[in-house]
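Novice: Input: one structure, supplied below.
The values are calculated or read from the model by the stated rules, or taken from the named source; none is laboratory data. This is a predicted model, so every value here is computed, not measured. Cβ placement follows ideal geometry from the backbone for every residue including glycine, while neighbour counts extend to all protein chains displayed.
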2 protein chains.
Amino acid sequence: MTKKTADPANGSAPAARQVPMRDFSRSLPMSLLRAREAVMRQFRPSLREHGLTEQQWRILRALASIEAAEVTELARMAFLLGPSLSRILRDLEARNLIERKTAKADQRRSMVSISKEGVKLMASVAPTSEAIYAEITRRFGARKLAELQEMLGELERSLGELGGADETIAGE
Amino acid sequence: MTKKTADPANGSAPAARQVPMRDFSRSLPMSLLRAREAVMRQFRPSLREHGLTEQQWRILRALASIEAAEVTELARMAFLLGPSLSRILRDLEARNLIERKTAKADQRRSMVSISKEGVKLMASVAPTSEAIYAEITRRFGARKLAELQEMLGELERSLGELGGADETIAGE
DNA sequence: CGCATTAACTTAACATGTTAAGTATCTCCG
DNA sequence: CGGAGATACTTAACATGTTAAGTTAATGCG
């Protein structure tokens, strides 16, 4: 463990604290960021071994639960922005993990689905992933985990109503 | 091509549900991601108006609370990886929002501090930022907010002990 | 000393986040 | 029917996340 922080013999007379704000490390965004990072740190090595990033894994998981989906719907499911999804789909398609075909009824839409290879890859990752999740649940406690998720959902709902800028998302 | 499911809109739809996993939308990483995004969506427009990104703001906030810090310490405070911080500091320095000078005792280290201009910028952003935070607190509830942060901290601690980075987690 | 090792950053390379602009297609109204 | 506007993506441009490699300065040890 790195202990250091012996603090060099710098001057004293602290001229900081010039702008009054809450303690930085206790801000909600930081807490959420740190918690999420702590969780993802558990999964990333395993995903990496299988050549997948976190986002690619999200997409495959989303696709594995359905027949096929339009890009926009997939973006909503995997919580990715359109441009990110567009790039990732291009790569996943090149790796033959997904398949795309334009809808006949509407040439603008493309239906995305997971390929046989994609399913195979998922099957090889899922056990480890589930085991890690189980370990997290065991460490933190199943009950507390459920409570936490409930609170996170509430937070989301309580802020969703006044969502940042354009809140004209129809169809839900 | 043998089709496994009837789909009126398009021809052959690959089968789904081939790999059993938890409901995707209920995974902890997704809950944390969505909650954080809901929160950050409130702040981003204001930061943007002041020409700051979320990470730049984190750095300025961290610097405003102290005299000066080494890059590594600052990275820990602002929860940024070294390379990200390195780039951002370069930009913030070019904009004269921070100042750097190499430590006399150890030429490898550079001490970073916020500049007068940086303080001025912070002072212009802080009120709005605090107001947004207050509104979030009001909507979600101060008590629940404290509870949530407590749980997030617990989660972090319960996972931190087996922190996957250099902690011999290879065979998990 | 001399040199391997370590430490503190920085650069590099690739992937994603975020916003804006572009493209092709579809809808609808006049 | 025809063009304005809406839709569904895709591209582009810039900033950050993430890992690996490079650079320079300090340390340890024979």
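Novice: Pairs, please: C-beta under 9 Å, at least 6 apart or cross-chain, first residue farther than 13 Å from A:R157 by Cα and in the range B:132-143, second basic (K, R) and loosely packed, with under 15 Cβ neighbours inside 10 Å?
Specialist: Every condition considered, the pairs that remain are B:Y133/A:R22.
Novice: Only one of these is closer than 22 Å to B:A38 by Cα, free of Cβ contacts under 8 Å to residues at least 24 places away in the same chain and either within 11 Å of DNA strand D (Cβ to nearest atom) or in contact with a Leu (Cβ under 6 Å, 6 or more places away or on another chain) (or both): A:R48, A:R100, A:R76. Name it.
Specialist: A:R76
Novice: Of the residues A:I132, A:I98, only one is modelled with pLDDT under 95 and touching a Ser or Thr at 6+ places or on another chain (Cβ under 9 Å); which?
Specialist: Selected residue: A:I132, the only one of A:I132, A:I98 that is modelled with pLDDT under 95 and touching a Ser or Thr at 6+ places or on another chain (Cβ under 9 Å).
Novice: Same structure, new question: Search the range B:106-130 for residues that are touching a residue at least 24 places away in the same chain (Cβ under 8 Å) and pair each with any residue that is exposed (fewer than 14 other Cβ atoms within 10 Å of the Cβ) and part of a strand (DSSP E or B) when their beta-carbon atoms are under 8 Å apart and the residues are at least 6 apart or on different chains.
Specialist: Partner pairs satisfying both residue conditions: B:R109/B:T102; B:S110/B:K101; B:S110/B:T102; B:M111/B:K101; B:M111/B:T102.
Novice: For B:M111, work out the one condition from (1) at the interface with chain A (Cβ under 8 Å from one of its Cβ atoms); (2) modelled with pLDDT under 95 it doesn't fulfil.
Specialist: With (1) at the interface with chain A (Cβ under 8 Å from one of its Cβ atoms); (2) modelled with pLDDT under 95 applied to B:M111, the lone miss is (2).
Novice: Could you say whether any residue in the range A:35-49 is modelled with pLDDT of 95 or more, within 13 Å of DNA strand C (Cβ to nearest atom) and not charged (D, E, K, R)?
Specialist: So far as the range A:35-49 goes, no, none of its residues is modelled with pLDDT of 95 or more, within 13 Å of DNA strand C (Cβ to nearest atom) and not charged (D, E, K, R).
Condition check ((1) among the basic types (K, R); (2) over 30 Å from A:K144 (Cβ atoms)) across all residues:
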| position | (1), (2) |
| --- | --- |
| B:K104 | yes, yes |
| B:K116 | yes, yes |
| B:V119 | no, yes |
| B:Y133 | no, no |
| B:A146 | no, no |
| B:E150 | no, no |
| B:E156 | no, no |
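Novice: Scan (1) part of a helix (DSSP H, G or I); (2) at pLDDT 90 or above for the single condition B:S25 breaks and write down its number.
Specialist: (2)
Novice: Here is a follow-up. Given the structure, is B:L145 within 12 Å of DNA strand C (Cβ to nearest atom) and buried (at least 18 other Cβ atoms within 10 Å of the Cβ)?
Specialist: no
Novice: For A:A131, are the conditions met, namely being loosely packed, with under 14 Cβ neighbours inside 10 Å and at the interface with another protein chain (Cβ under 9 Å from one of its Cβ atoms)?
Specialist: Yes; evaluated as a whole, the condition is true for this residue.
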